Amino acid sequence: MHTLREIPDLRTTLNHHRRRGQRIGLVPTMGNLHAGHLALVAAARERCDVVVATIFVNPMQFGAGEDLAAYPRTLSDDQAQLEAAGCDLLFAPAVDIVYPRPLESQTRVRVPEVSEGLCGGSRPGHFDGVATIVAMLFNLVQPDVACFGQKDYQQLAVIQRLVDDLHFPIEIQGVPIVRDEDGLALSSRNAYLDTHQRAIAPRFYSILRELRQHLEEGAGVDTTLAGGLARLGEAGFVPDYLELRAEDLGPVTATTRDAILLAAVRLGTTRLIDNQPLLLPR
Ligand code: PAF
């Protein structure tokens with residue numbers, strides 16, 4: 001696997017593959033890879049001839065006071081994992097290659113409506129940063145397929161809307177959440193949890209599953225969510241939001257069947273997100 005750091009090198013290499021008629025799969029990441037990322041590589045591998053991963057800790061998607069400086073940077077370990085997973089090319093640019101201008105002068109992409117509320121409500125500007133870097137990577141790599149995890153459900157919806165609205169000829173592939181044996185969704189931020197917090201963390205998943213079951217059995221939405229917030233609090237989490245939405249993230253109506261329960265919580269200073277798709281009864 002080659003690691004490229006410069007845009008012209010990336011373009012030249014990919015043009016070579018494109019001229020040979022090869023399908024290109026993109027896996028954008030911020031590094032500190034775990035089995036969830038490797039599932040994205042496997043999904044791209046299945047669908048494409050050439051798999052390109054990117055590692056870039058994108059400053060534009062971090063708010064003031066968030067963990068940009070602390071975000072784990074583990075390039076050589078990531079390279080070894082990508083190579084073993086069958087990735088062909090890694091693009092790992094420096095910040096000034098991606099953003100040669102100060103961030104406040106940089107062109108931004110904003111995806112309205114679907115970026116608002118949920119994580120977008122508690123992290124203002126976050127999805128503008130995500131949409132901007134993803135649109136830039138789409139432009140640089142021009143992949144046939146791009147793979148993203150379903151843990152970041154709202155991010156996936158933002159990226160799908162970006163592709164639809166800007167007519168990128170790219171298939172977006174959502175890849176199921178990979179969990180630890182105890183149910184905790186894999187996340188680079190799990191590394192911030194101390195031993196006590198790590199022992200509590202799987203309760204987030206188990207509470208969401210119980211709530212899903214109640215909702216699928218016809219329990220009232222408002223009372224279920226109120227009870228869920230209380231239970232998350234009792235388990236030691238500080239809930240950021242707990243919401244039931246239609247699967248396209250629109251509001252749940254009397255005719256909604258496919259829905260999604262989404263939550264973000266804080267455990268100490270660590271923010272965790274998770275979700276549970278569900279089928280509401282008629
Ligand atoms: O999900 C992530 O790791 C990031 O938000 C992404 C999509 C790589 C953009 O920086």
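No value in this document is a laboratory result; all are computed from the given coordinates. On a predicted model such as this, the values are computed, not experimentally measured, just so you know. All Cβ positions, glycine included, derive from the backbone under ideal geometry; neighbour counts span all protein chains shown.
So which residues in the stretch 158-171 are crowded, with 19+ Cβ neighbours inside 10 Å and outside any helix (DSSP H, G or I)?
Once the filter is applied, which keeps residues that are crowded, with 19+ Cβ neighbours inside 10 Å and outside any helix (DSSP H, G or I), the stretch 158-171 yields only Ile170.
Tell me, yes or no, whether the stretch 87-104 has at least one residue that is loosely packed, with under 15 Cβ neighbours inside 10 Å, touching a Pro at 6+ places or on another chain (Cβ under 8 Å) and of a type outside the set (Gly, Ala, Ser). Walk me through how you get there before you give the answer.
First, pick out the residues of the stretch 87-104 that are loosely packed, with under 15 Cβ neighbours inside 10 Å: 94-97, 100-104.
Those left that are additionally touching a Pro at 6+ places or on another chain (Cβ under 8 Å): 95, 103.
Still in the list and also of a type outside the set (Gly, Ala, Ser): 95, 103.
Yes: one or more hits.
Please go through the stretch 189-201 and give me each residue that is in contact with a Leu (Cβ under 8 Å, 6 or more places away or on another chain) and within 16 Å of the ligand (Cβ to nearest atom), ordered by number.
Those that are in contact with a Leu (Cβ under 8 Å, 6 or more places away or on another chain) and within 16 Å of the ligand (Cβ to nearest atom): Arg189, Asn190.
Just for the stretch 30-59: of the residues that are within 10 Å of Phe91 (Cα to Cα) and part of a strand (DSSP E or B), which one is farthest from the ligand (Cβ to nearest atom)? So that I can check it myself, show each step before the final result.
Initial filter on the stretch 30-59 (within 10 Å of Phe91 (Cα to Cα)): 52-56.
Imposing the further condition that a residue be part of a strand (DSSP E or B) reduces the set to 52-55.
Values: Val52: 13, Ala53: 10, Thr54: 7, Ile55: 9 Å.
Looking at residues that are within 10 Å of Phe91 (Cα to Cα) and part of a strand (DSSP E or B), I get Val52.
Applying the selection to the stretch 64-97, what residues are in contact with a helix residue (DSSP H, G or I) (Cβ under 9 Å, 6 or more places away or on another chain) and outside any loop (DSSP other than H, G, I, E, B)?
Listed by number, the residues that qualify are Asp78, Gln81, Leu82, Ala84, Ala85, Leu89, Leu90, Phe91, Val95, Ile97.
State whether the residues of the stretch 219-226 include one that is under 18 Å from Leu280 (Cα atoms), within 21 Å of the chain's Cα centre (by Cα) and buried (at least 17 other Cβ atoms within 10 Å of the Cβ).
No: zero hits.
Quick check on His167: is it away from the ligand (no atom under 13 Å from the Cβ), over 20 Å from the mean Cα position of the chain (by Cα) and at positive phi?
Working: away from the ligand (no atom under 13 Å from the Cβ): yes; over 20 Å from the mean Cα position of the chain (by Cα): yes; at positive phi: yes.
Spelling it out, His167 is indeed away from the ligand (no atom under 13 Å from the Cβ), over 20 Å from the mean Cα position of the chain (by Cα) and at positive phi.
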